1. Rank A:160, A:373, A:256 by how far each Cα sits towards the positive end of the charge dipole of chain A (+1 on Lys, Arg Cβ; -1 on Asp, Glu Cβ) and give me just the farthest.
2. Taking the beta-carbon count within 10 Å as an exposure proxy, list A:256, B:439 from fewest neighbours to most.
3. Let me know the Rg and Dmax you get for chain A when you use only its Cα atoms, in Å.
4. Residue by residue, what Karplus-based ³J(HN,Hα) values in Hz, rounded to whole numbers, does the range B:67-78 have, using 6.51, -1.76 and 1.60 with θ = phi - 60° and x for Gly and Pro?
5. I need the calculated FRET efficiency for the pair residue A:240 and residue A:9, taking r as the beta carbon distance and R₀ as 41 Å, to the nearest 0.05.
6. At 0.36 nm per residue, and after removing the present C-alpha to C-alpha distance, how many nm does the segment from residue A:341 to residue A:449 gain when stretched out fully?
7. Mind listing the label-point distances from residue B:275 to the same position on all other copies, shortest first, one decimal in nm, points 7 Å along Cα→Cβ?
8. Could you give me D for the range B:220-346, from Stokes-Einstein at 20 °C and 1.002 mPa s, where the hydrodynamic radius is the Kirkwood radius over C-alpha pairs? Units µm² s⁻¹, please.
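Coordinate-derived values only; no laboratory data. Keep in mind that what you see is a predicted model, and the values were worked out from it rather than measured. As a convention, Cβ positions derive from the backbone with ideal geometry for all residues, glycine included, and neighbour counts pool all protein chains shown.
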Protein chains: 2
Amino acid sequence: MMPSDSLLDALHGLVGQRGLLLGDDARPYCTDWRSLYHGHTPAVVRPGDTAELASVMQLCAARNVPVVPQGGNTGLVGGAVPSEAGDTLVISLQRMNRVRAVDPLDLTLTVEAGITLKAAQDAAAAADCLLPLSISSEGSATIGGVLSTNAGGNTTLRHGNARSQVLGLEVVLADGQVWNGLRRLRKDNTGYCLRQLFVGAEGTLGLITAAVLQLQPAIVESESAFCAVPDPASALELLRRVRRQDPAALTAFEYMSGVGVDLVLRHIQGARLPLPVRAAHYVLLELTTSRHKAGLREQLETVLGRAMEDGVVLDAALADTGAQRDALWSLREEHAEAQKRAGASVKNDISVPISAIPDFLARVGAAIVALDPAIRPAPFGHFGDGNIHYNLIQPEGGDGEAFLARADEMATVVNAVARALDGSFSAEHGVGRLKAGLMTQWRGGPELDTMRRIKEALDPAGLLSPGTLFHVPMPQVGLTVT
Amino acid sequence: MMPSDSLLDALHGLVGQRGLLLGDDARPYCTDWRSLYHGHTPAVVRPGDTAELASVMQLCAARNVPVVPQGGNTGLVGGAVPSEAGDTLVISLQRMNRVRAVDPLDLTLTVEAGITLKAAQDAAAAADCLLPLSISSEGSATIGGVLSTNAGGNTTLRHGNARSQVLGLEVVLADGQVWNGLRRLRKDNTGYCLRQLFVGAEGTLGLITAAVLQLQPAIVESESAFCAVPDPASALELLRRVRRQDPAALTAFEYMSGVGVDLVLRHIQGARLPLPVRAAHYVLLELTTSRHKAGLREQLETVLGRAMEDGVVLDAALADTGAQRDALWSLREEHAEAQKRAGASVKNDISVPISAIPDFLARVGAAIVALDPAIRPAPFGHFGDGNIHYNLIQPEGGDGEAFLARADEMATVVNAVARALDGSFSAEHGVGRLKAGLMTQWRGGPELDTMRRIKEALDPAGLLSPGTLFHVPMPQVGLTVT
């Protein structure tokens, strides 16, 4: 057993004063932003570069000290928070935030893990390129976190999730060795695709320290439309039609329930419905292209005009300006905030095959009514990816605590329907600690067994993000927390 | 030790007469089509379905019998051939060739591993969809092989390689358990991305038995152009210009040297240069779109017209008919056959960052001249992906055997330049047995160590494709070959 002051002294020697946060300074790193988890840590270590981080990890490996990497701490499943036991060191990547290279000819961007997604987008834009990843938390979320959780977002339909944007990685392994896989190659068939193993591993296999991201040419034309549709089946038909016309331009296809939009209109100042009549279901879609004179507006008007003639769309509003576009998108983006103001809510992040969404919405809706007709379902999300955030809002004027006490019951209802339709219990938020308990039920058998084998092979002492993904036995830590 | 007749009896009991090939019937499965490797096998097992294959693998695991999976046996690196020792069972997937499902709304195709890529393309086309994977050997190559080797091909530039098309997999693991990961989801963040680990693993981690592939809407318009360019730097500039105009439509951008095209014109009956004057460098590019009335022709004429004004393109021929398109493509596709007829050749499959291709071609060209000015370099390939097949043809009228005796020397020259430019020694053909010896040099250290850990975790007895990817110690096999 090594006393903690010896550990802290050693860490201080490796990263200096600036690289170490203790006591009150460390506290903000021990809670997730939704305040679902409250942990403790002997210290927050903030290495300045990969070599420092590697030496910290070597020290932790030698002393059997568990660590949890943290980026912008914007996760929704508790994967970046140290455990309650207080034995886990937080390794913050926030000082490692440099742009290492950008190449508009190769369409590649090399960045360190601690850079925010927004700053990475800006670096791409400065080179007249697009980093096609966008999530609500992009101002705080870091590339390391975005990759470790394989973030999705609003453009997955067109460009794929974070996984699809990665050409190369640099990773500090559990023993403190550095794997430099920062390759800028489109093709490289030389053994196992390690980068795709670290992407989405939620920090349990290694610490991502830098990445080569694949860029796209900058967007030169875009069109957005906010549509009222009679039902989810019509939303699906609209998706089919828009995709048929120009699949390469369809960038976002978002669904919102009337309940959810009404909550935004009620709780968010300045929010305004761009249509004269409210509806039970809405779609927000966006076309973008890097092609000049693409005529997206005409294209969109044509497909929406026909859809209205056929009753697939009830009414539609197209954005004429950037401000109008932002206003349309705020109806979608403000869902989380509006739901928060409406009281307690239970969040679900499920996916099903796209064609199954109407069935999914109908079945879950009926099951929730059976549970309690006063619960307000406000499903919304990435319809075009088969990803629905089936959020449930507490009964109007009801008791929030009592509602939250039934959270598991509600999640079970939602998950059961997703499962019956060959879906998943986590589409884009990941597993973290919040959903680790579901892994056995959903992925148990050969799949979870294979994952455990990989975990044990790459992190035999279980030092990386213990408690995330699996309920791993806690390692014997050589640290007394004082 | 279990005598082989007992093993064969047991296998016969599992797969029946039809599922077992012995003696002369097994021989064709023991050689690759380039005749680089000649192995022996106690039997070729051809299971009829996943359950049969699983029971065969259980038997092999129990008796410590190594296996090598084989699809269309079109690989270029010896990864599908049993070892010379004769202890390795060949498991042919060819009877498992069903289309399980196709869904044009979800844009998914579920097929068994033994279906040919061509048959899978046809199944997609029958549902008015596109499976965007195309390689020369698609009439024989199977989906299982294509995925296990992460095949690339002519449309990688637009759609990514095989890895990018996979939503789900079914895999028989080393112990004979079946992992059913045939999910049809665009988003599913529930633990490690196992499918991307099995894709490209060349059969060393499990046997892929079925896959869910992501489809695209069918192509409705395409244009091809064959261009003479003054030098590789101009080819790069042409790529930049075409990509700038409409990146979503650019599907192929292939480079050919004048030497290579001349060989095709000389050795392939009916081959004809579509331009009045020969050149030292050519580009074949293709635009495709699912958008109606896209005006690709006008777009292409505009960009090529300006490129000719600026001296970036010397001359260009556009295909007016499907027959003309095929004729242009045959100049590219017949490179392999023409080179074969021109005598002995040494094939290289390297990749570099796209912007480094001109430098790569210049440096390798100079190095080969220094080695022997009579050697004929005929580089060609997927310029837009940074992937060049730097093939070297024996001196005209020279001794083929003597030339081949220097193959390693030539490959070393090519690889050294690729390495200096942050490239890879295998872009799309994989490692197999041919290049396993290069893994230590190129991927040694933490990367290869991590791969070995994964291999040992998932196939502790080393029964799956021994000798491929790593020089693994051969397992103690419980089998006497008679």
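1. Among A:160, A:373, A:256, the one farthest towards the positive end of the dipole of chain A is A:160.
2. Neighbour counts put them in this order, fewest first: B:439, A:256.
3. 23.2, 75
4. Once θ is set to phi - 60°, the couplings for the range B:67-78 become 9, 10, x, 9, x, x, 6, 9, x, 10, 10, x Hz.
5. E between residue A:240 and residue A:9, to the nearest 0.05, is 0.05.
6. Full-extension gain reported as 34.7 nm.
7. 5.4
8. So the translational diffusion coefficient is about 143 µm²/s.
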